[in-house]
Every structure is written in structure tokens, then in C-alpha cells.
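Visitor: Please find one structure pasted underneath; my questions will follow.
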Amino acid sequence: MSIFKRAILYITRKKVKSIIMLLILFGMATAVLSGISIKKATNLTKQDLSSQIANKFEVKANLGTNFDGTVPESLINKILNVNGIKSYDGMIQGAGLDFKELDYVEPKKSTIQYKDERYNNLFSVEGHVSTELDTKFVSKSLKLVEGRHIVSTDNGKVLIHKSLAEKNNLKVGDILKATKSTLDYKATSISKNEYELEIVGIFESENDESVGSKLEIPENLIISDINTLKALYSYSDGNIQYTNAVFNTSSNVEDVISQVKKISEDWSKYTIEKSEDTLLALSKTFEVLDKIINIVLIGAIIAGVLVLSLVLIFWIQGRIHETGILLSIGVSKFNIISQYIIELLIISLIAFGSSYFSSKAISQNIGNAIINQASKQAVQEVQNGFGGNNIGNDSNSSLATRTIDEIDVKVEFKELIYVYVIGSGIIIISVLLSSVSIIRLKPKEILSKMS
């Protein structure tokens, strides 16, 4: 009788044992396939984000030596002349406009209560050259959901948060009226007093916790164009004082930064950071994710070998009579062990194939749970790096703790190939480990055990 026929006969006759093996292999394959799919989804997400931030760097003031906290337009223009600079976004951050017709979105948890009535209509305002290049949008901390981005030629245009728009029944194309605030010392006496600002886009924030003061949370952030802030602060052409600037390069970012540092300037007043250094928690999240997923995969493989080996030890010991008979009629040990392997490989065809459907059902939830754990750990590590303090709740400060909430896990048939390869390896190793007693004993010793 051929080895394959003996294997099939054993599987069909020992139905309970075969079902037990089927369940063990099914569970092991589900864990391995889910781990592979989650790892693939993580790598794709990492590549997608890395491609968007890899060739960007930010120039901002060194607050230890630059007490104005600004970057002059003259320095920006010098940097723009460096080979490899493709585009840029300069930002002016302020709180110089009152919007008397707007109602705030109330924070879910407020850290500051404003008693001065002058804060009632004050909103945080940012002026941008190009919001499409703003790190908050590039990292998807903010996402444009309606309308368009702010561009360099805009004047009197704004983007507002979706929650603010809904609370005030606003839409793209509506006009907001604002006046210069007396609270912003940078808005001088010669500044323009009244502004009519057209809503050209609506954005939403990735983080919906709404924790912080009403002036910090992204729901109350007004993003305007650079020309509006230029008028508010009475900056003349060539003399704009930026809060920071983000540059997009067309070549290796390290090479461009080295050329920028050669510009004749007092660099002790400024710092240069790559975008991946600004998004500290995001980078750490992927590091932690790799570790967790590798542990899951390796753990699933080791657990599979151990569980399968333990079960097979008892299974093979219970077949000592069968083994002795086969040896007595001249069947080799190699042939007998090969039969055990073939039996499990036949069962695995069903078990591994079925794992596709179970992995498809659970891998997304498992992936999100791992992401949640990795994100919490990454944020904690970043905060520990800042002495355990909260970095800040506003959209710009919170970039340091920006992480990812979920990944799009897709289980595909082609990944079953890895499961069959890995699973087959586990089966062979487990059978060999469990068959040590047969390999070690001589045929006469096995036959004596039968009695």
C-alpha cells in the first residue's frame, strides 16, 4: 500500500484526531496570516507617509537665542535660491482677529478658562503661503474635505474646521467678517482694521479629542493666506517675519540642508528640522509596530511548533502498535515519518485555506488594537523625552505626538503562499521533534514495546 493511501485511510478512520489537528493548524495559520497581513499594511502605510515627508525640512526660530521667535523673509529668500529647493510654505502664527459673528466650538475638556471678555470673539489665526505643503496637512493631522487649499496669490481667503462650519451653518463661498484684535501687540496702529474673508475650504482634524483651551483646539483654528496676515501685521514687501517655513526638496534632503547651512547667517538663532524629526511620535509608532508585529509572528510560529509537537508526541506514542506492524513488514522509519508529515499536510490544505476567511474577519480589528498600543507607547516615549510634560494641544505643537489611528489591513490570496510555506515548515519540524523516540529506537525495541 502506498504512503499516500495509508495517510488518507488514517485521516478518514481517525476522524476525531483529524478534526483536532485541523483546529490546531487552523488557529496557527490564522495567527500567521493575520500577522503577515498586518505587517504588509503597516509597511504600506509607512511607505505612503514617508514618501510625503521624506524630502521636507522646516526652519524655525531658536527660542533660546531668538527672542522674537521669527524667521525673516530675507533668510527665506536666500534658502529658496539653494539648488534642490522645489517649493515652500511660510507660516505666520497669531491671534489677531476677532470674529464677532462666529460661535466657538466648545472643547470637550478645557485646560484654560478666559475671564477677559476680549477673548470672547478672538480666534487663533494662521497665515500660509501654501497650506498644501503645511506639515499638518502633509501628515494628515488635518485633512481638506471640501473646497481647495490656500495658495500664495490668495488674499482674504480662509479655511475653517468642519465642526466650526457646522456649528455656524457655514459653507464654502461664505464670507466671514473680522476686526483687528486689541490683544495682539503685533497688530500695529497702522494695521488694517476690518476684514472680509471668503471661505475657500473646509478641513477636519485627525484627532477629535478636543482637549485644551478654545484657542488651542483645531476646531477653532482659522487658516488664512499670507497676504491677510501681512496686512494685519503691517509687513512691507521683503520684511515679512515668519513663524516658520517648510521647504520641499527635489533631491536628497540631507544634501540640501548641508547647502542651506552654508548660507551666511547667524544660525544660532534658527533651527533646521527634517519633517520626520518634527513628527517624533509618528516615527516611533512605526518602530514600536515593527517590534510588536515581529513578536506576534515569531510567537505564532514558536507556539505552533510547541503545541503541534506536544500533541504529536501523544499522537505518535498512541500509534506505537501501528508503527511496529509497519516495521515488521519492512516499511522504513523514513517512510513512516513521511506518512505522518503527509497526513498533516493533507489536513493543512483545508486548515490553511480556511484561515483566509478567519483572518479576513479579525485581522483589521487586531491591527487597530496593535496600532492603538503602539501609538500610546510612542506618545509616552516622546513625552518622556520632554520631561514627561504635555507638549501642547494646538495643531502645530501636537505634531510631535501625531500618530496613526488605523491601518487598512487587506488579506489577499497570494499571502496564503507564505502561510503554506511557513505552515509546512512548522509541520515538518514538529513531526521530526515528536518522532525522536521512533528515530532513536531500533526496530526490535519498538516491536518489544508493542507487547
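The values are calculated or read from the model by the stated rules, or taken from the named source; none is laboratory data. In this text, all values refer to a predicted model and were calculated from it rather than measured experimentally. Please note: Cβ atoms are built from the backbone with ideal geometry, for glycine as well, and neighbour counts cover all protein chains shown. Side chains are part of the model used for accessible areas, which takes the heavy atoms of the whole protein and leaves out ligands, DNA and RNA. Shrake-Rupley method; radii C 1.70, N 1.55, O 1.52, S 1.80 Å.
Visitor: Once the Cα gyration tensor of the stretch 1-113 is diagonalised, what are the square roots of 5 times its eigenvalues, in whole Å and ordered largest first, as equivalent ellipsoid semi-axes?
Guide: After diagonalising the Cα gyration tensor, the semi-axes are 65, 26, 12 Å.
Visitor: How big is the dipole moment of the stretch 1-151 about its Cα centre under a simple scheme where the beta carbon of each Lys and Arg is +1, that of each Asp and Glu is -1, and everything else is neutral? Debye, nearest 20, please.
Guide: It comes to approximately 2180 debye.
Visitor: A further question on this structure: Return the long-range amide H neighbours of Glu146 (sequence gap of 5 or more, or a different chain), with a cut-off of under 5 Å between placed amide H atoms.
Guide: Here Ile202 satisfy the definition.
Visitor: Starting with the highest mean, order 60-69, 133-142 by the number of other Cβ atoms within 10 Å, averaged over the residues of each peptide. Working shown, then result.
Guide: On the way: 60-69: 13.4, 133-142: 21.6.
Going from most to least packed, we get 133-142, 60-69.
Visitor: Just tell me, in residue order, which DSSP H segments of the chain are both 30 angstrom or longer along the helix axis (alpha-carbon based) and at least 0.0 in mean Kyte-Doolittle hydropathy. Don't skip to the end; give the middle numbers.
Guide: Working: long enough: 15-53 (56 Å, 0.76); 280-317 (55 Å, 1.91); 333-385 (61 Å, 0.36).
Sorted by number, the helices that extend far enough and score high enough are 15-53, 280-317, 333-385.
Visitor: What does the accessible area of Val145 come to, in Å² to the nearest 10, when a probe of 1.4 Å is used?
Guide: Roll a 1.4 Å probe over it and Val145 shows about 60 Å².
Visitor: When N is the residue count of the stretch 120-205, what does its C-alpha Rg come to as a fraction of 2.2 N^0.38 Å?
Guide: Against the compact-globule rule of thumb, the ratio is 1.13.
Visitor: Further question: What nm distance separates the two modelled labels at Leu9 and Asn66, each placed 7 Å from Cα along Cα→Cβ?
Guide: Going from the Leu9 label point to the Asn66 one covers 8.5 nm.
Visitor: In a shell of Cβ-Cβ distance under 10 Å around Ile150, excluding Ile150 itself, what net charge do Lys and Arg (+1) and Asp and Glu (-1) give?
Guide: Every neighbour counted, the sum reads -4.
Visitor: Over 25 Å between Cα atoms, which of Lys14/Lys360; Lys140/Lys410; Lys56/Lys108; Lys162/Lys192 qualify?
Guide: Lys14/Lys360; Lys56/Lys108; Lys162/Lys192
Visitor: What is the Cα convex hull volume of the chain when expressed per residue in Å³?
Guide: Hull volume over Cα atoms, normalised by residue count, gives 196 Å³.
Visitor: I'm checking a number: the convex hull volume of the Cα atoms of the stretch 234-344, normalised per residue, in Å³. What is it? Each step should come with its number before you reach the end.
Guide: Numbers: hull volume 24.6 nm³, N = 111.
Convex hull volume per residue, Cα atoms: 221 Å³.
Visitor: Relative contact order (percent) for the chain, with alpha-carbon contacts under 8 angstrom and 6 or more residues of separation? Each step should come with its number before you reach the end.
Guide: On the way: 767 pairs, mean separation 119.1, N = 451.
Taking the mean separation of contacting Cα pairs over the length of the chain, I get 26 percent.
Visitor: Report the charge-dipole magnitude of the chain in Debye, nearest 20, computed about the Cα centre from +1 at each Lys and Arg Cβ and -1 at each Asp and Glu Cβ.
Guide: 3320 debye
Visitor: If each Cα of the stretch 42-89 is one equal point scatterer, what is log10 of I(q)/I(0) from the Debye formula at q = 0.15, 0.20, 0.30, 0.32 Å⁻¹?
Guide: Each listed q corresponds, in turn, to -0.59, -0.80, -1.11, -1.17.
Visitor: Which one of Ile350, Val151, Leu176 has its Cα pushed farthest toward the positive end of the charge dipole of the chain, where Lys and Arg give +1 and Asp and Glu give -1 at the Cβ?
Guide: Working it through, the farthest residue towards the positive pole turns out to be Ile350.
Visitor: Taking the Cα-to-Cβ direction at Asn252 and at Leu433 and moving 7 Å from each Cα, how far apart do the two end points lie in nm?
Guide: That separation, rounded to one decimal, is 4.6 nm.
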